[in-house]
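Let me begin by presenting the structure, written as structure tokens, before commenting on it.
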Ligand SMILES: Nc1nc2c(c(=O)[nH]1)N[C@H]1C(S)=C(S)[C@@H](COP(=O)(O)O)O[C@H]1N2
Ligand SMILES: [Mo]
């Protein structure tokens with residue numbers, strides 16, 4: 001008789017920070033890109049917010065950096081099942097950009113798009129209220145090109161495919177418009193805590 005079997009039924013002390021089906025990648029930071037990493041210099045980078053807004057606007061690198069700095073320190077979760085704990089990104093809250101363009105009340109969704117053409121669909125409610133950033137620093141250093149530098153979208157409470165690298169803009173819509181992965185069967189929202197990996201989850 002194996003006495004240790006008696007322990008299998010006890011409540012397990014698990015890491016409360018790991019969503020279901022995820023593992024801790026530790027110090028690794030896998031690169032997941034559908035495209036070749038672009039040679040995008042800060043001077044060539046811009047970020048636009050348009051669609052259902054009162055004042056569509058494009059920011060240059062310097063103009064974006066003139067907005068109040070905001071950092072995220074916490075975890076990120078990729079749908080391919082790796083998570084990373086305690087990462088630190090620096091940039092500007094997406095709220096700062098949205099305050100300028102003034103979203104219409106009819107705006108419910110957004111498509112984030114990259115300078116490379118990649119797109120990701122998001123509910124607008126997941127981009128407001130201090131939940132999303134335009135990030136250009138990681139661990140206090142400039143964000144590496146393979147991780148989306150000079151700047152990427154960061155929406156850390158959703159699966160990481162929503163965090164478009166080489167971010168070029170966000171278009172506000174009154175309906176859900178599937179992006180690159182959503183067109184390939186992935187979830188419209190992608191909440192890792194509810195394991196919203198595929199449409200229908
Ligand atoms: N432009 C662009 N952004 C992207 C992707 C991509 O292929 N292209 N992949 C997404 C996916 S699936 C993930 S998990 C993360 C990976 O970011 P990382 O390579 O910095 O880990 O970026 C997301 N943003
Ligand atoms: Mo991913």
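The values are calculated or read from the model by the stated rules, or taken from the named source; none is laboratory data. For clarity, every value in this text was computed on a predicted model and none was experimentally measured. Methodologically, a virtual Cβ is constructed for each residue, glycine included, from the backbone with ideal geometry; neighbour enumeration extends over all protein chains shown.
Assorted remarks:
- Only listed residue being in contact (Cβ under 8 Å) with a residue 12 or more places away in the chain, under 25 Å from residue 43 (Cβ atoms) and within 15 Å of ligand 2 (Cβ to nearest atom), chosen from 113, 118: 118
Condition check ((1) under 28 Å from residue 105 (Cβ atoms); (2) within 16 Å of ligand 2 (Cβ to nearest atom)) across all residues:
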{"site": "145", "(1), (2)": "no, no"}
{"site": "148", "(1), (2)": "no, yes"}
{"site": "164", "(1), (2)": "yes, yes"}
{"site": "176", "(1), (2)": "yes, no"}
{"site": "191", "(1), (2)": "yes, yes"}
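- Unmet criterion (only one of (1) within 16 Å of ligand 2 (Cβ to nearest atom); (2) surrounded by 13 or more Cβ atoms within 10 Å (Cβ to Cβ)) for residue 93: (1)
- Taking region 171-201 as the range and being without any contact (Cβ under 8 Å) to a residue 40 or more places away in the chain and assigned to a helix (DSSP H, G or I) as the test, the residues that pass are 183, 184, 194.
- When region 107-122 is limited to residues that are in contact with a helix residue (DSSP H, G or I) (Cβ under 9 Å, 6 or more places away or on another chain) and closer than 20 Å to residue 191 by Cβ, the one that is surrounded by the most Cβ atoms within 10 Å (Cβ to Cβ) turns out to be 110.
- Qualifying residue in region 83-91 (condition: over 22 Å from residue 18 (Cα atoms) and modelled with pLDDT of 95 or more): yes
- Filter pass, residue 31 being surrounded by fewer than 16 Cβ atoms within 10 Å (Cβ to Cβ), modelled with pLDDT of 95 or more and in contact with a helix residue (DSSP H, G or I) (Cβ under 6 Å, 6 or more places away or on another chain): yes
Here is a yes/no grid of residues against (1) crowded, with 16+ Cβ neighbours inside 10 Å; (2) under 26 Å from residue 40 (Cα atoms); (3) at pLDDT below 95:
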{"position": "105", "(1), (2), (3)": "no, no, no"}
{"position": "124", "(1), (2), (3)": "yes, no, no"}
{"position": "131", "(1), (2), (3)": "yes, yes, no"}
{"position": "155", "(1), (2), (3)": "yes, yes, no"}
{"position": "162", "(1), (2), (3)": "yes, yes, no"}
{"position": "175", "(1), (2), (3)": "no, no, no"}
{"position": "198", "(1), (2), (3)": "no, no, no"}
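- For the criterion of being touching a strand residue (DSSP E or B) at 6+ places or on another chain (Cβ under 8 Å) and part of a loop (DSSP other than H, G, I, E, B), residue 168 fails.
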